[in-house]
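Trainee: Before I ask anything, here is the structure I am working with.
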Amino acid sequence: MPQFEELARNVTLAEQLEEVGGPVVLVNVLRVDEADVDQLLLAWSTDAAALKRRPGFISTQLYRGIAGSSTFLNHAVWESVEAYKTSRLDSDVRAAARDLYPASLVASPHLFRAEAVPGLCVA
C-alpha cells in the first residue's frame, strides 16, 4: 500500500478538500524505488485513464525527474475542488489502480490555484 506524505507543513490535503471553487491544479510528487518505475507508470496510466472520464477533469501530465531520477510529478487540472474530491471518492475510480501501485510509492498530493504576481503573472 502506498504511503502518503503531506506536501505542506501547515495544511493537509483533507483541509484543502473542504474548500470550494475552482479551477484547481493537483500537484502530486511521486517517489518510488528505481525497480518499481515500470509498475508506477502502469498504475498511473490506469488511474489517469479512469479519472479522465470523470466530470470536471480537464487535463493531466506526468513529469519524471532527470538524470535517472525515480521521482515523478503529476500535474492535473480540475474544474473545481468538488470535481476532484468527488472523483477521488468514487469507488470505481479508486479500484481501477489501487492494487497496481508499488509498495515503495510515497505520494504527496496538494491542490493549488493560480496566484497573481504584479508584473509577472495573472491569476
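Every read-out reported here was derived from the displayed coordinates using simple, explicitly stated rules and does not represent laboratory data. Remember, predicted model here, so these are calculated numbers, not experimental data. Cβ coordinates were reconstructed from backbone atoms using ideal geometry, including for glycine residues, and neighbour counts include every protein chain displayed.
Trainee: For labels at Ala116 and Ile66 in the simple 7 Å Cα→Cβ model, what's the distance in nm?
Mentor: Each label point is offset 7 Å from its Cα along the Cβ direction, giving 3.4 nm.
Trainee: Can you give the helix-only mean residue ellipticity at 222 nm for the chain, where every DSSP H stretch with n ≥ 4 adds -39500 (n - 2.57) and the sum goes over all residues, rounded to the nearest 500 deg cm²/dmol? Walk me through the numbers before you get to the answer.
Mentor: On the way: 4 runs with 35 residues, N = 123.
The helix contribution divided over the chain gives -8000 deg cm²/dmol.
Trainee: While we're on this one: Relative contact order for region 3-112: what is it in percent, counting Cα pairs under 8 Å that are at least 6 residues apart?
Mentor: Values: 194 pairs, mean separation 53.2, N = 110.
Across region 3-112, relative contact order equals 48 percent.
Trainee: Now for a separate question. Going by alpha carbons, how many degrees (0 to 90, nearest 10) lie between the helix axis of 37-51 and the longest principal axis of the chain?
Mentor: With rounding to tens, the tilt is 50 degrees.
Trainee: Looking only at Cα atoms, what is the convex hull volume of region 53-113 per residue, in Å³?
Mentor: 107 Å³
Trainee: Next question. Using only the alpha carbons of the chain, what is the convex hull's orientation-averaged projected area in square nanometres?
Mentor: The directionally averaged projection comes out at 8.5 nm².
Trainee: Also: Report, in debye and to the nearest 20, how large the dipole of the chain comes out about its Cα centre when Lys and Arg carry +1 and Asp and Glu carry -1 on their Cβ. Let's see the in-between values first.
Mentor: Numbers: 11 positive and 16 negative charges, 51 e Å.
Its charge dipole is roughly 240 debye.
Trainee: A follow-up question, please. Report the trypsin sites (Lys or Arg not before Pro) located in region 10-68 that are in a DSSP loop and have at most 11 other Cβ atoms inside 10 Å of their Cβ, or state none. Don't jump to the answer; show the numbers that get you there.
Mentor: Values: sites: Arg31, Lys52, Arg53, Arg64; in loops: Lys52, Arg53.
Sites meeting the loop and neighbour criteria: Arg53.
Trainee: Still on this structure, I have one more. Please give, to one decimal in nm, the separation of the simple spin-label points placed at Glu6 and Arg98, each 7 Å out from Cα toward the Cβ.
Mentor: 2.4 nm
Trainee: Subtract the Cα-Cα distance of Ser59 and Glu18 from 0.36 nm times their separation in residues, and report this length gain in nm to one decimal. Kindly include the intermediate steps, with their values, before the conclusion.
Mentor: Details: separation 41, 0.36 × 41 = 14.76 nm, distance 2.21 nm.
This chain segment gains 12.6 nm when fully extended.
Trainee: Any idea which of Ala43, Val81, Ala103 is furthest toward the positive side of the dipole for the chain, if Lys and Arg beta-carbons carry +1 and Asp and Glu beta-carbons -1?
Mentor: Val81
Trainee: Hey, with R₀ at 30 Å, roughly what FRET efficiency would Asp38 and Asp90 work out to, going by the Cβ-Cβ distance, to 0.05? If you can, show how the numbers build up before the last one.
Mentor: Values: r = 26 Å, r/R0 = 0.88.
For R0 = 30 Å, the calculated efficiency reads 0.70.
Trainee: Identify, among Gln61, Gln16, Val27, the residue whose Cα sits farthest towards the positive end of the charge dipole of the chain, taking +1 on the Cβ of Lys and Arg and -1 on the Cβ of Asp and Glu, with the dipole about the Cα centre.
Mentor: Gln61
Trainee: Something else now. What are the GluC sites (Glu not before Pro) within region 59-123 that DSSP puts in a loop, where the Cβ has at most 13 other Cβ atoms within 10 Å?
Mentor: Details: sites: Glu79, Glu82, Glu115; in loops: Glu79, Glu115.
Loop-located and lightly packed - Glu115.
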